[in-house]
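What follows is a single structure, written as structure tokens, with notes after it.
A short reminder: the numbers here are calculations on the coordinates, not readings from a lab. Keep in mind the model is a prediction, meaning the values are calculated, not measured. Here the Cβ positions follow ideal geometry from the backbone for every residue, glycine too, while neighbour counts run over all protein chains shown.
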Amino acid sequence: MNFKKEDSSSFFSEFIELLKNSPTAISSIIGFAPPFTILDHVGEILKLSSIKLLLGSQNIHWLNSGSHTGEISPIMLQDLGVNFSIIGHSERREWYGETDEKVSLRTISAINANITPVVCVGESKIDYNAGQSKEIVLSQLKSSLNNISLKSNFISGSQYPSLIVAYEPVWAIGGIAAKPEEANSLCKVIKEYLNDNLGQDVPVLYGGAVDPNNVQSLYAGDSIDGFLVGGASLKPKIFSEVITLCS
Ligand code: PGA
């Protein structure tokens with residue numbers, strides 16, 4: 001719940017200027033998921049950007065239309081050129097009644113609409129302290145991704161993944177990042193689960209307090225393919241540093 005139209009205009013003019021000559025930015029897949037109120041505005045800015053930047057939403061409904069006051073459908077998102085949707089973020093799970101069942105419905109609807117679902121999973125501090133991280137994450141994956149089958153790694157006719165999973169330990173979001181070994185080991189568990197159950201090599205992101213000081217050591221491991229960045233993505237200079245450090 002950050003940024004009005006004006007804030008996003010000044011953000012992107014600085015951000016694009018900072019990254020326009022960066023080989024890492026050019027060879028990476030970078031996307032922004034702004035609030036629904038500025039999705040159209042940001043989409044228009046991204047269309048004119050000299051570096052490729054994808055547009056994402058922070059949620060997606062499972063129905064295409066109907067009497068669902070306050071919801072946003074896949075067709076509406078397609079209309080704005082949305083490439084990906086964040087699904088099941090822990091803030092939605094914790095405060096807005098999001099369940100694995102709804103995550104599953106949303107994920108299927110995104111896949112059907114050729115919008116990449118970025119499905120978030122992650123354990124709470126209590127689960128972490130109890131040594132249950134792996135069990136919780138696997139159970140979230142199992143129920144969030146049931147009934148999902150992927151024909152290929154990529155959305156047909158594009159180079160964008162048909163599914164992305166983000167491992168975001170709830171205790172790390174807006175706090176202190178997981179240690180690189182811990183983050184990589186959970187991402188490895190997730191990758192193996194996805195390979196075994198979906199038969200595809202699904203990219204796995206880490207999220208939770210990623211910033212320019214920790215991104216290199218997190219990325220140095222074998223199992224993190226990219227990052228879901230919150231606070232550090234709100235300042236052009238800091239976010240551009242996070243990106244250029246991922247080389
Ligand atoms: P953070 O947020 O990077 O500020 O911890 C991550 C998120 O909200 O997904």
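I'm checking a number: the convex hull volume of the Cα atoms of the chain, normalised per residue, in Å³. What is it? Let's see the in-between values first.
Values: hull volume 29.8 nm³, N = 247.
About 121 Å³ per residue, rounded to a whole number.
Remark on F32: its backbone amide H falls under 5 Å from those of L54, L55, G56, a criterion applied only to residues 5 or more positions apart or on other chains, H modelled at 1.01 Å from N. Taking amide H atoms as placed 1.01 Å from N in the peptide plane, the amide H of T116 lies under 5 Å from those of F84, S85, each 5 or more residues away in sequence or on another chain. In straight-distance terms, cross-link reach from K151 covers every one of the aspartates and glutamates whose alpha-carbon lies under 20 Å from its own, apart from those fewer than eight places away in the same chain; here that gives E192, D196, D201.
Please figure out what share of the DSSP beta bridges in the chain is antiparallel and state it in percent, rounded to the nearest 5.
On the way: 1 of 19 bridges.
Rounded to the nearest five, the antiparallel share is 5 percent.
About its Cα centre, the dipole of the stretch 49-143 is roughly 200 debye, where the only charges are +1 on Lys and Arg Cβ and -1 on Asp and Glu Cβ. Hey, what D do you get for the stretch 132-247 in µm²/s if you plug the Kirkwood alpha-carbon radius into Stokes-Einstein at 25 °C and 0.890 mPa s? Rounded to a whole number, D works out at 165 µm²/s. Normalised by the number of residues in the chain, the average gap of Cα pairs under 8 Å and 6 or more apart makes the relative contact order 16 percent. For the chain, the mean residue ellipticity at 222 nm estimated from helices alone is -12000 deg cm²/dmol, where every DSSP H run of n ≥ 4 contributes -39500 (n - 2.57) and the total is divided by all residues, rounded to the nearest 500.
For K5, a cut-off of 26 angstrom between C-alpha atoms picks up these lysines, skipping any fewer than 8 places away in its own chain: K20, K47, K52, K235, K237.
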